[in-house]
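Below is one structure, written out as structure tokens; comments come after it.
Every read-out reported here was derived from the displayed coordinates using simple, explicitly stated rules and does not represent laboratory data. All figures in this text were calculated on a predicted structure; none of them were measured in a lab. Cβ: placed from backbone, ideal geometry, glycine included. Neighbour counts: every protein chain shown.
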Amino acid sequence: MSNCNCLDLSFVATEAEASLGIARLSLCLEEKGLPGHKAGDVKIALAEAINNVVEHAYAGITPARVQVHCRFHQNWLDILISDTGMPLPGFCIPEGIPAALGETIDELPEGGFGWFLIHELTSDIRYERKGGCNRLSLRFDFPDSG
Amino acid sequence: MSLTSETTGGTQIITVHSDRIDAAMAIQFKEDMRNEAQGDNARVILNLTHVEFIDSSGLGAIVAAMKQLGNGRRLDLAGLHPFVEKVFRLTRMDTVFKLFASLDDALSAPTD
């Protein structure tokens, strides 16, 4: 790991920019020493959280920038995602109950897994709405490293 | 997003030539799959060997692609990268699709 244990990236909250941004973040996090066995969890949860901002926080309004701040600690990684879009409904983190698979192929869900995956893959989630900003913090523990 | 297709012994193999299927490409992927899988092969194998990352929108697009096949046609998935497999496992979609580690495994599996 290099001396600087932080990583910052921001991009406009459009699907195309977010796709590039998530790929770039994934690459940089690995270069910064993200443990291999945790890389998948972090990439998936990060992508879902950023996609939520693009699809919901800026739904129907002009997308502004999403800011992502990552900080490595000895045994964990904190990721703070900030945006100036609309707040989460009820100012609460959604519970993340997975969509039911249904009985037939036609009933299979094509969405509704985002928050479920974020809950499954993170060690802790915090959310606050402050000064017109959403601040979502994701924590990933690396119990086997260090 | 680019897809290529070949048919062998009544099975259509559609290969995804992208390292990710995410929210930005989900709609295009669904559309491309609709165009590629217009044949009447009972079994279609989606070769994901080149795909290193998928998010829940990409997963939804693959589910939609299976629904589009209709008429009892089956979509099997082959060559899943560990991160891709994990998304299927966590969402329990591994109970809906047949997953094969490689395209060869998928092709040599007994058809039922």
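Among A:Leu121, B:Leu48, the order by Cβ neighbours within 10 angstrom, fewest to most, reads A:Leu121, B:Leu48. Listed from fewest to most Cβ neighbours within 10 Å, the set A:Ser82, B:Ser56 follows the order A:Ser82, B:Ser56. For region A:1-110, relative contact order (Cα pairs under 8 Å, six or more residues apart, normalised by length) works out to 27 percent. Of all the options A:Val66, A:Val54, A:Val12, the one that moves most in a Gaussian network model of chain A with Cα springs shorter than 10 angstrom is A:Val12.
Computed from point charges on the beta carbon alone (+1 for Lys and Arg, -1 for Asp and Glu), the dipole magnitude for chain A about its Cα centre is near 780 Debye.
For the protein assembly as shown, what class follows from the C-alpha gyration tensor (a ≥ b ≥ c being the square roots of its eigenvalues): rounded when a/c is under 1.5, otherwise prolate if a/b is larger than b/c, else oblate?
prolate
In region A:23-146, the inverse of the mean reciprocal separation of distinct Cα atoms equals 15.5 Å; this is its Kirkwood hydrodynamic radius. When the GluC sites (Glu not before Pro) in region A:94-146 are filtered for DSSP coil states and for at most 12 other beta-carbon atoms within 10 Å of their beta-carbon, the remaining sites are A:Glu95, A:Glu103.
In summary, the lysines within cross-link reach of A:Lys43, defined as a Cα separation below 20 angstrom excluding same-chain residues under 8 places away, comprise A:Lys32, B:Lys86.
Here's the picture: a label point sits 7 Å out from the Cα of A:Leu80 along the beta-carbon direction, and within region A:90-133 the residues with their amide nitrogen under 14 Å of it are A:126-131, A:133. Once both labels are positioned 7 Å from their Cα atoms along Cα-to-Cβ, the gap between A:Arg24 and A:Glu128 label points is 2.8 nm.
A dipole drawn for the protein assembly as shown from +1 and -1 charges on Cβ atoms has a positive end, and of A:Cys28, B:Val96, A:Gly131 the residue lying farthest that way is A:Gly131. If you take the Cα centroid of region B:31-49 and the Cα centroid of region B:76-110, the two points sit 15 Å apart.
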